[in-house]
Amino acid sequence: MEHITLQVVQHLQPGGIEKLVLNLARFASPCHKVYIVALEGNKETAIKQWPELRTFESQLFFLNKPIGRNLSTVIKLKKLIAKLNVTMLHSHHIGPLFYSRLALLGHKATHIHTEHDSWHLADKKQCRMTRYLLNTNRVKLIADAPRVAYQLEKILLLSPDHVICNGIDTQYFTPGNQLIARKQFNLPLDKKLIGCAGRLVKEKGIDTLIRALHDLPKDHHLVIAGDGPQSRQLRAEVQKWLVTDRIHWLGYCAQMRNFYRAIDVFCMPSRQEGLPLALLEAQSCGNSIVATTVGAIPDLICPQTGILVPPDDETALTKALIQVLEQDPNAANQTVQFIQHQADVRAMTAAYEALSC
């Protein structure tokens, strides 16, 4: 029997949830067909902004939802579910959950919903809405990490049906030649490189890392992969702390594996997080981690090689970066093995597919 899963996301722009649903499509077993629908946007624009989507072009649908709640979007989603003969609908975050619940009225398809973080539930309106939409036996609630499950139970008073940790392709994200990787990005060959990746928004805490860089030795540089609305403010912060010549801005990076291979340590100074894929990818490439104690980061940071610090504490961040950079290079093997065991995409995909049986 063929199982048809429809992944429902808010949009298809480069991000952790979006990469995860692409992986669920990429690694689906032969008896599971996966489609992806974005509530917002259109296919042409999305592929132009994110060329990786072209591989999945025939599996992608876009509903072009206008701002605000929209009844016609429910109708479009309902028709798509019927057209594809969907047997399992998988929603991610509150917007997709809302439209999925309405569109599935009258359908027998299984509905699973994954919560990828809990910090958005601090908004009382979102919290009430999420609890209302999930307070039914028609939706199987999934948490993507143990700490997310704990927070959902604490805040929503709902116990997740399953915990399925995010996974990445550990056969693709592997250690490699640092010299070649640095040359690809025109990065200095004789410096200690601290890597940071993600959307340039306040929640990522990159301003804290810039301040920490000011107190590190001059041969320590920062490489930032990503773009976002806080780009201008961060560049102003760089000038303020007189570290302009020690920052390398890569913008959107399509070659993340070589980015991880090029750096000496990966830093995630976030103020808010779920379980970021970059954390897993970097470790799979052999990078030790310095990260903050937020979200589900502590669940999947290698205990032998990674260091956790409080958010917004540049002093602790500076000390941790120095400590990690002094580690024995052979420690990378422990980091790689940890992620291979804990967070491989094949195990994640199999766990989700089992829910449709």
ask   = Bin by bin, in steps of 10 Å, what percent of the Cα pairs in region 164-224 do you find, going until the bin that has the longest distance?
value = 17, 37, 37, 9, 0
note = Given backbone amide H placed at 1.01 Å from N, residues whose amide H is under 5 Å from that of Cys253, ignoring those fewer than 5 places away on the same chain, are Gly226
Relative contact order [Cα under 8 Å, 6+ residues apart], the chain, whole percent = 15
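Considering only protein heavy atoms and a probe of 1.4 Å, how much of the accessible area of region 3-164 is carbon and sulfur, as a whole percent?
Values: 4160 of 7750 Å².
The nonpolar share, carbon plus sulfur, comes to 54 percent.
Could you tell me the calculated FRET efficiency between Met129 and Asn70, based on Cβ-Cβ distance and R0 = 22 angstrom, to the nearest 0.05?
Numbers: r = 16 Å, r/R0 = 0.72.
My answer for the efficiency is 0.85.
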note = On the formula 1/(1 + (r/R0)^6), with r taken between the Cβ atoms of Lys319 and Gln342 and R0 of 22 Å, the FRET efficiency rounded to 0.05 is 0.25
query = With every protein chain kept in the model, how would you rank Asp312, Asp264 by accessible area, 1.4 Å probe, largest at the top?
reply = Asp312, Asp264
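How high is the relative contact order of region 131-288, given as a whole-number percent (alpha carbon pairs under 8 Å, six or more residues apart)? Walk me through the intermediate numbers first.
Values: 244 pairs, mean separation 44.8, N = 158.
Relative CO of region 131-288 lands at 28 percent.
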request  = Calculate the radius of gyration of the Cα atoms of region 1-72 to one decimal place, then report Dmax, the largest Cα-Cα distance, as a whole number, both in Å.
outcome  = 12.5, 39
task = Averaging sequence separations of C-alpha pairs under 8 Å and six or more residues apart, then dividing by the length of region 1-151, give the relative contact order as a whole percent.
result = 23
query = Does anything in region 1-17 have its amide N under 19 Å from the 7 Å Cα→Cβ label point of Cys31, and if so which residues?
reply = 1-6
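Under 4 °C and 1.567 mPa s, how fast does region 294-357 diffuse according to Stokes-Einstein, given a Kirkwood radius computed over C-alpha pairs? Answer in µm²/s, whole number. Show your work: numbers first, answer last.
Values: Rh = 14.0 Å.
This corresponds to a translational diffusion coefficient of 92 µm²/s.
What does the charge dipole of the chain about its Cα centre add up to, to the nearest 20 debye, if the Cβ of each Lys and Arg holds +1 and the Cβ of each Asp and Glu holds -1? Don't skip to the end; give the middle numbers.
Details: 40 positive and 32 negative charges, 277 e Å.
The dipole magnitude comes to about 1320 debye.
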query = Which ³J(HN,Hα) values in Hz, rounded to whole numbers, follow from the phi angles of region 200-207 under the Karplus curve 6.51 cos²θ - 1.76 cosθ + 1.60, where θ = phi - 60° and Gly and Pro get x?
reply = 7, 10, 4, 4, 7, x, 5, 4
key: region 178-343, accessible surface, carbon-and-sulfur percent (1.4 angstrom probe)   = 47
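Which semi-axes, in whole Å and largest first, does the equivalent ellipsoid of the chain have when worked out from the alpha carbon gyration tensor as the square roots of 5 times its eigenvalues? Before the final figure, lay out each step's value.
Working: eigenvalues 261, 84, 81 Å².
Ellipsoid half-lengths, sorted descending, are 36, 21, 20 Å.
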In order through region 67-81: 3J(HN,Hα) via Karplus (6.51 cos²θ - 1.76 cosθ + 1.60), integer Hz, x for Gly, Pro = 4, x, 6, 9, 5, 5, 5, 4, 5, 4, 5, 4, 5, 5, 4
key: Average accessible area per residue (Å²) across the chain - probe 1.4 Å, nucleic acids and ligands excluded   = 45
ask   = For region 178-343, what size does the Cα cloud have along each of its three principal axes, sorted from largest down, in whole Å?
value = 42, 34, 29
key: Integer Hz, Karplus 6.51/-1.76/1.60 couplings in order for region 296-309, x for Gly and Pro   = 9, 3, x, 5, 10, 10, 4, x, 7, 10, x, 10, 9, 9
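Can you give me the orientation-averaged projected area of the convex hull built on the Cα atoms of region 55-154, in nm²?
On the way: hull surface 30.0 nm².
That works out to 7.5 nm².
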ask   = In the structure shown, do any of Lys183/Lys218; Lys79/Lys124; Lys33/Lys125 have a Cα-Cα gap over 28 Å, and if so which?
value = Lys79/Lys124; Lys33/Lys125
task = Describe numerically, in nm with one decimal, the distance between label points set 7 Å from Cα along Cα→Cβ at Lys154 and at Asp215.
result = 2.8
inquiry  = Can you give me the angle between helix 146-156 and the longest principal axis of the chain, using Cα atoms only, in degrees from 0 to 90, rounded to the nearest 10?
reply    = 50
remark   = Low-density loop trypsin sites (Lys or Arg not before Pro), region 8-108, at most 12 other Cβ within 10 Å, DSSP non-H/G/I/E/B, are Arg69, Lys108
ask   = What residues have an amide H closer than 5 Å to that of Arg271, excluding those fewer than 5 places away on the same chain, when H is modeled at 1.01 Å from N in the peptide plane?
value = Lys204, Gly205
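I need the calculated FRET efficiency for the pair Thr293 and Asp328, taking r as the beta carbon distance and R₀ as 35 Å, to the nearest 0.05. The partial results should precede the final answer.
Numbers: r = 25 Å, r/R0 = 0.70.
The pair Thr293/Asp328 has a calculated efficiency of 0.90.
The values are calculated or read from the model by the stated rules, or taken from the named source; none is laboratory data. Predicted model, so just to flag it, every value in this text is computed and none were measured. All Cβ positions, even for glycine, are placed from backbone atoms using ideal geometry, and neighbour counts span all protein chains on display. The protein model used for the area step is the full one, side chains on, heavy atoms only, and it has no ligands, DNA or RNA in it. Shrake-Rupley method; radii C 1.70, N 1.55, O 1.52, S 1.80 Å.
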